[in-house]
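Q: Have a look at this one.
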Amino acid sequence: MNVIPIRSSSEIRLTVNGRPVTLEVRPEALLLDVLRDRLQLKGARRSCDMQVCGACTVLVDGAPVSACTYLAVEADGREVLTVEGLADGDRLDPLQEAFIEHGAVQCGFCTAGMLLTAKALLAEEPSPSPARVAEYLRGNLCRCTGYRKILDAILACAAPGGGTR
Amino acid sequence: MSARTGFRVVGQSVRRTDALEKVTGRARYLSDLELPGMAHARLLRSPHAHARIVRVDVARARALPGVHAVLAASDLTFCDPAYGPALRDRPLLASEVVRYEGEPVVAVAADDEATAVEALDLVEVDYEELPAVTTLEDALAPGAPLVHTAEPLAGHFSDLSTLRAKPGTNICHQFDYGRGDVEAALAAAHLVLEETYTFPRIQHYSMEPHGAVARWDDEGGLTVWASTQNPFSVRAELAAMFALPASRIRIAVPLLGGGFGGKTYAKLEPIAAALARVARRPVRLLASVEDAFRTVRRCSARVTLRLGFLRDGRLDALACRADFDVGAYADIAPRVIQKGTYTATGPYRVSHVQLHSNAVYTNTTPGGAFRGFGVPQIVWGVESMMDIAAGRLERDPVDLRRQNLLAHGEEFAPGDTPVDGKLEESLGRLAEAIRWSDTVPPGRARGIAAMMKASVAPSVSEAIVRLHADGSANVLVSTVEMGQGARTVMAQIAAEVLALPLARVRIVPPDTSITPYDQTSSSSRSTTMVGRAVQEAAEDVVGQLRKIAAGKLGVAAGRLRVEDGAVVSGRTRLPYPDLLDHHFGMRGGELIGRGVVAPGRTAAPLGGSTPFWEVAMGGAEIALDEETGAISVEAYASVSDVGRCINPQQCAAQDEGAVMQGLGHTLLEEMVYEGGQLLNGDLVGYRVPRAGDLPPRLQTRFVENGDGAGPFGAKGVGEGGLIPVSPAVANALARLTGVRLRELPLTPERVWRALRERRQRDATDRTTGGPGDV
Ligand code: FES
Ligand code: FES
């Protein structure tokens with residue numbers, strides 16, 4: 001009988017918040033667990049655990065992904081940005097400033113995912129319409145704010161010239 | 001200093017004190033906590049709605065390497081496994097019988113979650129299924145299978161020692177209240193309406209599910225870090241369960257990722273504590289969202305109402321019979337049903353009242369507290385009927401409500417707090433905000449609704465303010481920060497009284513071994529009750545400062561004031577650090593102030609007078625896709641009487657969130673059971689509002705007359721905004737289409753069917769010449 005050896009773990013190299021990282025990970029390891037438990041980056045959070053809520057959102061090569069269902073091995077050779085990497089030292093990202101200013105933060109459980117999704121949107125489309133922002137946030141739930149102030153904060157960071165709804 | 005209010009910090013939309021840590025990812029929640037040697041727990045849950053447990057075999061699970069504790073009910077010999085705040089009807093782990101799908105049966109703690117899951121796979125449980133009741137109809141049918149067969153013990157609330165179960169039925173508590181003569185008044189009324197409304201089971205879905213980390217120390221003391229809204233209730237449960245003095249138990253609460261009532265009273269803490277005891281190491285038990293669906297939910301309800309109006313439009317009589325489905329265990333539902341039913345008359349003056357409600361067990365997830373606490377279920381019916389009455393009486397809905405509103409200072413019920421707001425002003429502001437008198441655009445309609453809610457009473461809140469030698473201060477309160485902004489508001493109140501910059505005031509996180517007693521962070525009570533305690537404690541410190549300064553200056557303390565971190569007398573400024581130095585004879589020592597708010601029991605119908613009335617009104621403008629039946633809320637206006645906004649931005653944030661949560665149960669949300677199985681117990685099957693569901697126009701407005709019972713004339717906010725949403729939307733739908741729905745949520749399918757029935761009926765009426773029904 002042929003026994004197929006199960007590869008128990010493999011080495012991945014990635015950049016996390018601008019820092020190169022090399023890790024041994026098991027093939028089923030999820031990016032969220034690697035970030036939270038191995039790298040102590042607790043900003044990405046687990047809620048629905050099934051790619052609905054966006055609490056675990058991080059950017060991989062600039063695109064938002066749900067880290068709760070994203071295999072860590074997939075991140076090999078890529079750049080990962082988490083909420084901890086948004087600010088430049090003590091200088092907050094304009095989105096972070098706007099979230100504070102507009103009162104877009106309540107319990108904060110959704111905040112990291114919201115910020116990163118918004119970051120990706122504004123990189124793609126600097127002047128989105130309010131309807132476009134709402135549409136882009138379809139994979140990011142917030143049970144506290146009712147979204148109004150989150151949309152306001154994101155739109156405040158958009159370049160002028162965004163369409164109106 | 002604001003010219004308008006005369007306050008420095010209060011009334012300002014200062015930045016949340018926790019905002020920076022939250023936008024940078026530095027905020028810490030329960031799931032971020034790691035202790036050395038900590039084991040990870042998982043629960044095996046019942047696959048059946050109702051079954052006898054014939055056999056539990058955990059031997060193989062126990063033998064698995066890496067497993068530190070495996071517990072079934074029979075292992076719980078070291079504690080009293082019964083708990084529950086109202087009735088001690090809940091076993092820590094199901095023993096002999098499981099009463100709902102998802103009830104915990106076996107608990108495991110292991111080196112990591114994967115090992116815990118593996119261990120659960122090795123547990124064998126044999127069940128013998130029993131007939132289950134999953135609806136109110138089934139549970140109340142004569143001869144229905146009983147969810148509980150033995151009488152449970154009373155829980156730790158003395159005000160619920162009056163629990164009235166109906167032996168031999170599934171009714172675990174009945175509430176009655178009445179005044180006047182309803183039957184006579186209805187018989188004499190010009191218009192009598194009788195209708196039945198139903199409200200679905202709703203999941204809180206705080207984005208952070210429940211969690212607990214428990215650790216026993218070498219001296220037999222217990223520490224639990226818990227995502228709970230009321231650490232002192234958790235402490236009381238654990239003290240009874242493990243026969244420990246309260247002083248040996250410490251409940252510490254990190255930031256919560258939302259609560260909405262779902263984290264009131266003990267949830268996972270008892271199991272985590274029991275596991276940690278056996279594992280002899282710290283144990284972390286984190287629920288998943290699927291677990292949360294099987295932990296607690298909003299009580300569903302079926303409410304039959306009779307309203308009697310006089311010819312001139314006065315609402316003269318109201319009779320209410322409500323059955324609340326409280327699920328398999330009572331949790332705090334007995335209090336939910338009495339609280340919700342008690343204010344069935346809402347903000348209106350009604351002479352003849354007869355209220356009766358039942359808390360009914362079913363084989364479903366236990367029902368408990370949820371933003372609104374029983375009131376939304378009742379208001380859904382009453383406020384729909386106010387509009388029906390307006391139609392029948394040929395009155396404008398705003399006008400009919402205005403006529404019936406209670407006046408400022410008027411009695412709500414004998415012995416309870418008189419009305420503390422100007423309700424007419426709220427209604428006027430609402431009509432203006434939703435443009436009630438403006439022409440409605442074609443294809444649209446508007447609807448409104450109002451509500452008034454009592455807060456929990458009697459209740460106790462205490463606060464300690466410590467002014468340090470450098471003139472900075474710590475505020476010790478047990479208010480839980482779950483997103484509502486309580487820490488910011490408490491800091492504002494203390495900073496205002498102490499005349500300190502906000503940054504010099506720090507709120508200490510709740511820890512029952514450090515921060516003083518507070519009953520609960522719920523019932524919209526914190527700003528009023530804890531806020532007043534903070535105000536008192538800070539005033540206590542200011543009084544001490546004045547006395548020290550008076551002694552030093554040789555002037556009367558009454559002539560001194562505090563300003564900008566100093567006691568001031570004419571031109572003389574004595575900064576706090578100098579005063580403390582003078583007082584203690586060194587740079588050290590601190591002034592400690594204490595505040596206690598404990599209004600106690602009264603003759604009010606619920607045993608205590610509400611500290612304030614939460615008043616909110618809402619108006620919706622909707623459009624309808626007649627092809628699909630989909631309602632879109634184009635505009636929504638919410639008006640809350642808050643006495644005074646301590647932080648206007650956070651008040652608006654509360655009501656925006658409340659409205660959207662209300663739109664969830666109005667249009668989308670419902671936990672669906674079939675054959676005792678929860679069909680949509682996760683976020684794929686259970687749809688909550690998304691950003692795209694936000695009404696294009698959402699306004700929140702506040703009535704501020706400084707007449708609240710809280711500090712600076714403030715009072716509570718946070719629940720009210722959610723409550724009028726359903727009837728406001730349904731009233732708009734009725735005005736748009738003539739179709740009246742009495743069942744939530746108003747899904748496209750329900751609306752579409754109702755429209756079709758209406759069209760068919762209209763067609764029949766045209767052929768037969770019969771009258772239409774409104
Ligand atoms: S936790 Fe990943 S999407 Fe919800
Ligand atoms: S702030 Fe609590 S979930 Fe968004």
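The values are calculated or read from the model by the stated rules, or taken from the named source; none is laboratory data. Fair warning: this is a prediction, and the values are worked out from it, not measured in the lab. Every residue, glycine among them, receives a Cβ derived from its backbone with ideal geometry; neighbour counts consider all protein chains shown. Surface areas here come from the heavy atoms of the whole protein model, side chains and all, with no ligands, DNA or RNA. Shrake-Rupley method; radii C 1.70, N 1.55, O 1.52, S 1.80 Å.
Q: Identify, by number, the condition in (1) within 16 Å of ligand 2 (Cβ to nearest atom); (2) within 11 Å of chain B (Cβ to nearest Cβ) that A:Leu41 doesn't meet.
A: Looking at each condition in turn, A:Leu41 falls short on (1).
Q: Residue check: is B:Ala604 hydrophobic (A, V, I, L, M, F, W, C) and open to solvent by less than 10 Å² (accessible area, probe 1.4 Å)?
A: Here the answer is yes, as B:Ala604 does meet what is asked.
Q: Related question: Quick one: which residue in A:Leu32, A:Leu81 is in contact with a Cys (Cβ under 6 Å, 6 or more places away or on another chain) and more than 16 Å from ligand 2 (Cβ to nearest atom)?
A: A:Leu32
Q: Mind checking which residues of the stretch B:691-741 are basic (Lys, Arg), more than 24 Å from the chain's Cα centre (by Cα) and in a loop (DSSP other than H, G, I, E, B)?
A: B:Arg740
Q: Among the residues that make up the stretch A:50-57, is at least one of them more than 14 Å from ligand 2 (Cβ to nearest atom), within 10 Å of chain B (Cβ to nearest Cβ), part of a loop (DSSP other than H, G, I, E, B) and over 13 Å from A:Lys119 (Cβ atoms)?
A: yes
Q: I've got another one for you. Tally time: how many residues in the stretch B:60-109 are of a type outside the set (Val, Ile, Thr) and part of a strand (DSSP E or B)?
A: 12
Q: Scan the stretch B:263-271 and give yes if some residue there is of a type in the set (A, V, I, L, M, F, W, C) and in contact with a Lys or Arg (Cβ under 8 Å, 6 or more places away or on another chain), otherwise no.
A: no
Q: Would you mention how many residues in the stretch B:176-198 are under 27 Å from B:Gly313 (Cβ atoms) and not in a helix (DSSP H, G or I)?
A: Counting residues in the stretch B:176-198 that are under 27 Å from B:Gly313 (Cβ atoms) and not in a helix (DSSP H, G or I) gives 14.
Q: What are the pairs with Cβ atoms under 8 angstrom where one residue, in the stretch B:475-491, is facing another protein chain (nearest Cβ under 10 Å) and the other, located anywhere, is away from ligand 2 (no atom under 16 Å from the Cβ) and in a helix (DSSP H, G or I)? Sequence gap at least six, or different chains.
A: B:Gln484/B:Ser526
Q: Would the stretch B:33-40 turn up any residue that is part of a strand (DSSP E or B) and within 14 Å of chain A (Cβ to nearest Cβ)?
A: For the stretch B:33-40, residues part of a strand (DSSP E or B) and within 14 Å of chain A (Cβ to nearest Cβ): present.
Residue-wise test of (1) more than 16 Å from ligand 1 (Cβ to nearest atom); (2) more than 26 Å from A:Thr145 (Cβ to Cβ); (3) modelled with pLDDT of 95 or more.
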position: A:Gly18; (1), (2), (3): yes, yes, yes
position: A:Leu30; (1), (2), (3): no, yes, yes
position: A:Val34; (1), (2), (3): no, yes, yes
position: A:Arg38; (1), (2), (3): yes, yes, yes
position: A:Val58; (1), (2), (3): no, no, yes
position: A:Arg91; (1), (2), (3): yes, no, yes
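Q: Taking the conditions exactly as written (away from chain B (no Cβ under 13 Å) and modelled with pLDDT of 95 or more), does A:Gly85 satisfy them or not?
A: no
Q: Return the residue satisfying two criteria in turn: it lies in the stretch A:104-142 and is more than 14 Å from ligand 2 (Cβ to nearest atom) and of a type in the set (A, V, I, L, M), and of such residues it is most open to solvent (accessible area, probe 1.4 Å).
A: Checked the stretch A:104-142; the qualifying residue most open to solvent (accessible area, probe 1.4 Å) is A:Ala123.
Q: Going residue by residue through the stretch A:114-125, is there one that turns out to be touching a Pro at 6+ places or on another chain (Cβ under 7 Å), in contact (Cβ under 8 Å) with a residue 40 or more places away in the chain, over 24 Å from B:Gly657 (Cβ atoms) and not in a loop (DSSP other than H, G, I, E, B)?
A: yes
Q: A:Gly146 fails exactly one of the following numbered conditions: (1) more than 16 Å from ligand 1 (Cβ to nearest atom); (2) assigned to a helix (DSSP H, G or I). What is the number of that condition?
A: Exception for A:Gly146: condition (2).
Q: Name the residue, out of B:Val684, B:Val717, that is aliphatic (A, V, I, L, M), within 14 Å of another protein chain (Cβ to nearest Cβ), open to solvent by 20 Å² or more (accessible area, probe 1.4 Å) and closer than 30 Å to B:Val98 by Cα.
A: After applying the criteria, what remains is B:Val684.
Q: Can you tell me which residue in the stretch A:70-80 is nearest to the other protein chains (Cβ to nearest Cβ), limited to those that are within 16 Å of ligand 1 (Cβ to nearest atom) and touching a Leu at 6+ places or on another chain (Cβ under 7 Å)?
A: Only one residue tops the list, namely A:Val80.
Q: Moving on. Checking the structure you have, find out if any residue of the stretch B:653-673 is more than 8 Å from every other protein chain (Cβ to nearest Cβ), surrounded by fewer than 24 Cβ atoms within 10 Å (Cβ to Cβ) and among the polar types (S, T, N, Q).
A: no
Q: Would you pick out the residues in the stretch A:20-65 that are crowded, with 24+ Cβ neighbours inside 10 Å and farther than 20 Å from A:Ala120 by Cβ?
A: Within the stretch A:20-65, just A:Val34 meets the criteria.
Q: Where the second residue is open to solvent by 10 Å² or more (accessible area, probe 1.4 Å) and of a type in the set (Asp, Glu) and the first is over 19 Å from B:Thr134 (Cβ atoms) and lies in the stretch B:98-111, which pairs have Cβ atoms under 8 Å and are six or more apart or on separate chains?
A: Taking only residues 6 or more apart or on different chains, the pairs are B:Ala110/B:Glu118.
Q: Would it be correct to say that B:Thr610 is under 23 Å from B:Ala691 (Cβ atoms), assigned to a loop (DSSP other than H, G, I, E, B) and more than 14 Å from every other protein chain (Cβ to nearest Cβ)?
A: It is false that B:Thr610 is under 23 Å from B:Ala691 (Cβ atoms), assigned to a loop (DSSP other than H, G, I, E, B) and more than 14 Å from every other protein chain (Cβ to nearest Cβ).
Q: Could I ask something else about it? Residues in the stretch B:538-552: is at least one open to solvent by 30 Å² or more (accessible area, probe 1.4 Å), in contact with a Lys or Arg (Cβ under 8 Å, 6 or more places away or on another chain) and closer than 30 Å to B:Thr228 by Cβ?
A: Checking the stretch B:538-552: at least one residue is open to solvent by 30 Å² or more (accessible area, probe 1.4 Å), in contact with a Lys or Arg (Cβ under 8 Å, 6 or more places away or on another chain) and closer than 30 Å to B:Thr228 by Cβ.
Q: A follow-up question, please. So which of B:Gln661, B:Gln654, B:Gln649 is modelled with pLDDT of 95 or more, farther than 27 Å from B:Phe412 by Cβ and in a helix (DSSP H, G or I)?
A: B:Gln649
Q: Same structure again: Look through B:Ala212, B:Ala144 and report the one residue that is assigned to a loop (DSSP other than H, G, I, E, B) and crowded, with 16+ Cβ neighbours inside 10 Å.
A: After ruling out the rest, the residue left standing is B:Ala144.
Q: All but one of (1) outside any helix (DSSP H, G or I); (2) away from chain A (no Cβ under 14 Å) hold for B:Ala27; state the number of the condition that does not hold.
A: It fails just one condition, (2).
Q: Turning to a different aspect of this structure: Can you list the strands (runs of 3 or more DSSP E) lying wholly within the stretch B:467-585 that have 3 or more residues being within 16 Å of ligand 2 (Cβ to nearest atom)?
A: Counting at least 3 such residues, we get no strands (runs of 3 or more DSSP E) at all.
Q: Let me ask something additional. So which residues in the stretch B:633-649 are within 13 Å of chain A (Cβ to nearest Cβ) and open to solvent by 10 Å² or more (accessible area, probe 1.4 Å)?
A: B:Val633, B:Glu634, B:Pro648, B:Gln649
Q: Report yes if some residue within the stretch B:47-60 is open to solvent by less than 20 Å² (accessible area, probe 1.4 Å) and either in contact with a Pro (Cβ under 8 Å, 6 or more places away or on another chain) or assigned by TED's automatic domain parsing to the domain that holds B:Leu500 (or both); otherwise report no.
A: Within the stretch B:47-60, one or more residues are open to solvent by less than 20 Å² (accessible area, probe 1.4 Å) and either in contact with a Pro (Cβ under 8 Å, 6 or more places away or on another chain) or assigned by TED's automatic domain parsing to the domain that holds B:Leu500 (or both).
Q: If only one of A:Ala131, A:Ala104, A:Ala98 is assigned to a helix (DSSP H, G or I) and either within 27 Å of B:Met482 (Cβ to Cβ) or at the interface with chain B (Cβ under 7 Å from one of its Cβ atoms) (or both), which one is it?
A: A:Ala98
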